[in-house]
Amino acid sequence: MPICHSPFAPPSSAALALAVLSSALLAACVPAGPAAAQTAAAKAAPVTVEEPRDVVAAIYKLAAAQAKRDTSPFFDRKAREKYFSKGFDLLVTAHETKAAHESKGSDEGGAGLSFDPVSASPDAEIQKVTLKTDVIEANKAVVSATFLNHGQPTVVTYDFIREDGGWKVNDIKGTTEKVAWSVRKILKAGAAEPTTLPGMPDAKAAPDVTLPTKDAPLPPKKDDAAK
């Protein structure tokens, strides 16, 4: 008696293996959709971490734009939230709020300061900014900004810490007339503010500089002055 094979009999192991292989090859040949392509691109794209020097450069770029409106990134709450550490921003904001209640019409700037730490002066005229990374370690960094302000060479230093995966300004410092100042010490410990910053009436005359400026050309040479 002949043996009849049912048309619904399960396929052999060889047939199953061939079907799986064919499906895999077909899937490999079909182009991925937009979502899959974007996911792959995101995984392949390198993660860019902003360096401390880049943060200071952004601060001075903003300072140049805001100088026309007689303000500064230091007095801009949105800028502080973006560039300052949480602790430093909280310290400045607390003193700013206190000063607003106490002064009411005085000439003091934000946070009760009589000067802008970014420009190290009460009235910024910043030119020729040069940035230098003095220290960079795992969790802290120091960047110095050197520029001409009212024709005077000025240096402002930014202390950084690592916070929330990025670099944040944790203090702003400077030295005027050989006297060092720090925003943190002024606001937190009651240290004295500098009194002879560029642009102040009692500031010394600008020394001879080697950098030309738009408004103040270099002094003439001795030979030319004698003619």
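The numbers here are math on the coordinates, done by the rules we state, and not lab data. This is a predicted model, so every value here is computed, not measured. Cβ coordinates were reconstructed from backbone atoms using ideal geometry, including for glycine residues, and neighbour counts include every protein chain displayed.
Data overview
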| read-out | value |
| --- | --- |
| Calculated Rg and Dmax of the range 51-193 using C-alpha coordinates, Å | 14.3, 44 |
| Computed FRET value (nearest 0.05) for Glu50 with Lys128, which takes r as the C-beta separation and R₀ as 30 Å | 0.80 |
| Length added when fully stretched, Lys78-Thr97, from 0.36 nm per residue minus Cα-Cα | 5.3 nm |
| Lys68-Val155 FRET efficiency (beta carbon distance; Förster radius 22 Å; 0.05 resolution) | 0.35 |
